[in-house]
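The next block holds one structure in the form of structure tokens; read it before the comments.
The values are calculated or read from the model by the stated rules, or taken from the named source; none is laboratory data. Treat the numbers as computed from the prediction; the structure is a model and nothing was measured. Methodologically, a virtual Cβ is constructed for each residue, glycine included, from the backbone with ideal geometry; neighbour enumeration extends over all protein chains shown.
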Amino acid sequence: MTSPQREQFLALLRAAVTAGTLVKLTLGKPYGPDATLKNLFVRPVTLKAGPHLTFVWRHATRDITKNHQPDAALAELATLIGRTFLDAHLFTTTKTAQLDGRPDGTARLHITGAAAPPLQSAAHNRPKEYTLPADAPWLRALGVTNDHGRPREGMADKFRQIQKFAELLSHLIAEVALPADRPLHVTDMGSGKGYLTFAIAALLGPRATVRGIEQRPELVDLCNRVARECGFANLDFTAGQILPPEIENPKSKIENPPDVLLALHACDTATDDALAQGIAAGARLLVVSPCCQKELRAQLTAPPVLTDALRHGIFQERQAEFVTDALRAQLLEWAGYRTKAFEFISTEHTAKNLMIAAIKSHAPGDAARAERLREFATFYGIRTQRLAAHLSLPLTP
């Protein structure tokens, strides 16, 4: 079923593309089987092959970018507008139009004569818009960017990592039922030089108080100085270690139970200790990027069909990484969290690219989940694991 309003909107879109007056098109309110799909953003670009329209498909954990020639783009958009996406916003140099669609095919169309703000350029290499301003003073103070807001030599990968982290966190936080009557409490365990701690403090602003916990006092002093100089009233750093929740350590004591707990690149079982602290504190969102997964490697007993493959050390190492993090995800599900495991940033930029996000969503202790994760552990010969021990969940019958 279609509507005259939808056809009028498509006619305006075709006219804008043909006349070269299109600034951008935003599609929202997805209506279909893909629960991860959030938005589609379309804008004109000029490539070596000529004018194109670039599509940025915004999903919950990733973006997919594709370029199409104008005729092909218009044909695809005609199948999406009012169907896959119920809402559409068209911005041209002379007017704006908004289509509000409904599942039954009816729609409302609102057109105004106000022109959209012009983009700097439709060229393919126009300056990119980042989640965090590239010229932020804290990025300069930490040595990531120069005075012109460009990554310093050797820091391009770090800059991408920071921006991707901020983008992912903004999506994750939007999914979590967080308190609205007070500032959020965010704790970054093992904050290091504070790149990502500053990123989340900048992203959330006065909505949150952010604390970084780091065992190296020189980095704590550096980060506190940069925080003061750059005006972060919501951010501080303290000296301490990532320890199991049952061990008292005044230096790393979390004064306010965290709503959000981060532990990025915490080595081996330190990731489990951080997760256990977050679970014990009732954190609504846990985000970890594990590394150096060594604990289970000595326990791994290859099923007979994998014996020949796992005689190679590199395959054993990758198997241990997979088993460790897959088991962590299952333990978090058992503990009452909905988990996501995804690539944090391309392996082109860093090998430490796995991220596990856990959102508190249901009651812990499900017996069926416990049985499935025990079957998983038994298959690989795993008898004990740090997070399972913290949760008092035996992996063997």
Exercise. TYR130 versus (1) outside the structural domain of ARG284 (by TED's automatic domain parsing); (2) not in a loop (DSSP other than H, G, I, E, B): which is the lone unmet condition?
Worked result: (2)
Exercise. Only one residue in ALA174, ALA199 is among the hydrophobic types (A, V, I, L, M, F, W, C) and closer than 19 Å to PRO133 by Cα. Which one?
Worked result: ALA199
For this session: Exactly one condition in (1) out of contact with any strand residue (DSSP E or B) (no Cβ under 8 Å at 6 or more places or on another chain); (2) at pLDDT below 90 is not met by LEU327; state its number.
Result: (2)
For this session: Could you please let me know if ASP87 is surrounded by fewer than 16 Cβ atoms within 10 Å (Cβ to Cβ) and either assigned to a loop (DSSP other than H, G, I, E, B) or modelled with pLDDT of 90 or more (or both)?
Result: no
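For every residue, the table says whether it meets (1) out of contact with any Lys or Arg (no Cβ under 8 Å at 6 or more places or on another chain); (2) within 24 Å of PHE165 (Cβ to Cβ); (3) basic (Lys, Arg).
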{"position": "VAL23", "(1), (2), (3)": "no, no, no"}
{"position": "PRO33", "(1), (2), (3)": "yes, no, no"}
{"position": "HIS52", "(1), (2), (3)": "yes, no, no"}
{"position": "HIS59", "(1), (2), (3)": "no, yes, no"}
Exercise. Restricting attention to region 316-323, does a residue exist that is over 18 Å from the mean Cα position of the chain (by Cα), loosely packed, with under 15 Cβ neighbours inside 10 Å and among the acidic types (Asp, Glu)?
Worked result: yes
Exercise. Restricting attention to region 57-80, and to residues there that are exposed (fewer than 13 other Cβ atoms within 10 Å of the Cβ) and β-branched (Val, Ile, Thr), which single residue is nearest to ASP34 (Cα to Cα)?
Worked result: ILE64
Seminar exercise, completed: Within region 43-56, residues buried (at least 17 other Cβ atoms within 10 Å of the Cβ), more than 30 Å from VAL287 (Cβ to Cβ) and in contact with a helix residue (DSSP H, G or I) (Cβ under 9 Å, 6 or more places away or on another chain) come out as PRO44, HIS52, LEU53
Exercise. Looking at region 121-151, which of the residues that are modelled with pLDDT of 90 or more and in contact with a Ser or Thr (Cβ under 9 Å, 6 or more places away or on another chain) is nearest to GLY231 (Cα to Cα)?
Worked result: ALA136
Exercise. Does at least one position in region 17-35 carry a residue that is in a strand (DSSP E or B), in the same structural domain as ASP100 (by TED's automatic domain parsing), closer than 25 Å to PRO103 by Cβ and free of Cβ contacts under 8 Å to residues at least 60 places away in the same chain?
Worked result: yes
Exercise. For region 263-282, how many residues are in contact with a Phe, Trp or Tyr (Cβ under 9 Å, 6 or more places away or on another chain) and either under 20 Å from PHE198 (Cα atoms) or assigned to a strand (DSSP E or B) (or both)?
Worked result: 1
Problem set entry | Condition check for GLU175: among the charged types (D, E, K, R) and surrounded by fewer than 17 Cβ atoms within 10 Å (Cβ to Cβ) | yes
Problem set entry | Members of region 240-252 found to be loosely packed, with under 15 Cβ neighbours inside 10 Å and either at pLDDT 90 or above or under 30 Å from PRO137 (Cβ atoms) (or both), listed by number | LYS251
Problem set entry | Conditions (1) touching a residue at least 24 places away in the same chain (Cβ under 8 Å); (2) more than 16 Å from the chain's Cα centre (by Cα): number failed by LEU172 | (2)
